[in-house]
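Every number here is computed from the coordinates shown, using simple stated rules; none is lab data. Predicted, not measured: the structure shown is a model, and the values here were computed from it. Please note: Cβ atoms are built from the backbone with ideal geometry, for glycine as well, and neighbour counts cover all protein chains shown.
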Amino acid sequence: MDRQKHGRDAEADALKYLKQQGLKPLLQNYHCRAGEIDLIMLDRGSLVFIEVRSRSHKSWGGASASVDNIKQRKLIKTAQHFLSQNPGFSDVVCRFDVVAYEGCFTGSTGDSCPMWYKDAFRPEATF
């Protein structure tokens with residue numbers, strides 16, 4: 001399976017999983033010059049920016065560890081752009097989650113075992 005298809009399947013599986021957990025989807029694959037956010041969802045009044053990562057093995061720390069400081073900064077800048085374009089969310093509590101598949105995702109019809117890291121990181125400055 002090619003990497004792009006594997007990534008799309010992981011995002012689709014994560015969306016399904018998070019909907020089962022009660023989150024409400026707003027957007028998928030939000031793009032701006034700063035970067036991309038895989039999923040933007042609502043969780044009981046909180047706006048959640050979600051990064052989905054999948055790795056076939058845990059070498060170099062695996063999927064969750066791949067959301068390093070550089071990636072976090074890109075996600076934060078992209079979230080700030082989203083908020084600037086959607087002022088209706090200016091007073092909503094925001095958080096950043098990571099859904100990671102560590103060597104267990106086999107595609108949209110296979111087994112999956114997502115690890116959901118709520119509030120995985122926080123911006124240094126409040127936004």
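Below are the figures for this structure:
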{"quantity": "FRET efficiency for residue 80 and residue 2, using Cβ-Cβ distance with R0 set to 41 Å, rounded to 0.05", "calculated": "0.80"}
{"quantity": "Per-residue Cβ neighbour rank within 10 angstrom, fewest leading, 101, 17, 30", "calculated": "17, 30, 101"}
{"quantity": "Ranked 124, 51, 102, 36, criterion: other C-beta atoms within 10 Å, fewest first", "calculated": "124, 36, 102, 51"}
{"quantity": "Cβ-based exposure ranking for 66, 54, in which fewest neighbours within 10 Å come first", "calculated": "66, 54"}
{"quantity": "Antiparallel bridges, percent of DSSP beta bridges restricted to region 3-119 (to nearest 5)", "calculated": "60 percent"}
{"quantity": "Largest-first principal axis extents, alpha carbons of region 3-119, Å", "calculated": "39, 30, 23"}
